[in-house]
1. Look at region 68-108 and say how many of its residues are more than 15 Å from Ile32 (Cβ to Cβ) and assigned to a strand (DSSP E or B).
2. Could you list, in sequence order, the residues of region 38-52 that are part of a loop (DSSP other than H, G, I, E, B), surrounded by fewer than 17 Cβ atoms within 10 Å (Cβ to Cβ) and at pLDDT 95 or above?
3. Working carefully through the options Gly34, Gly60, find the one that is surrounded by 15 or more Cβ atoms within 10 Å (Cβ to Cβ) and without any contact (Cβ under 8 Å) to a residue 60 or more places away in the chain.
4. Could you check Leu109 against (1) modelled with pLDDT under 95; (2) under 16 Å from Val40 (Cα atoms); (3) among the hydrophobic types (A, V, I, L, M, F, W, C) and say which number it fails?
5. So how many residues does region 86-135 have that are of a type in the set (D, E, K, R) and surrounded by 14 or more Cβ atoms within 10 Å (Cβ to Cβ)?
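The values are calculated or read from the model by the stated rules, or taken from the named source; none is laboratory data. Please read these numbers as outputs of a predicted model, since none were measured by experiment. Every residue, glycine as well, gets a Cβ built from its backbone with ideal geometry; the counts of neighbours run over all protein chains shown.
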Amino acid sequence: MSRGLSCWILVGGLLATSPARAQIPAEQRLMIFGGADHDVYLGCLSCLPTAPDSVYNVIGKYGSEISPTSVLNHISRYGDPISPTSACNILASEPPVLVDRTGKYYGELTMNELRTKRTTLKAALAWLRLACADR
């Protein structure tokens, strides 16, 4: 991947960029939902790169830089720097959210640091910084 996202690895069921960074348990299955009503599935943040819905699957619908449902697509409504529903918009008003398979809410996945509901998951924010690089 051109944004360095391939540096993520799965170690002992935990997704991490390095031992010092926050980790996401793979069984937690963190999913990204976008759109004004958060009804558009944007992929799995904690899945293996081989999973069809993984954001790390570069040939998949959610990890491709050309897919309209990918945060990695810098011209999609979920990855461009100006869309109100984009994770990469530093002024996004309706950014994507993170939830697990039980529906537990982990906050908004956004570069907008002013959002009070922004996720505090360090691994998710590290991935987002890489995904939104060069915007």
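1. Residues that pass the stated criteria total 0.
2. Passing the criteria: Asp39, Pro52.
3. Result: Gly60 is the single residue among Gly34, Gly60 that is surrounded by 15 or more Cβ atoms within 10 Å (Cβ to Cβ) and without any contact (Cβ under 8 Å) to a residue 60 or more places away in the chain.
4. (1)
5. So the count comes out to 7.
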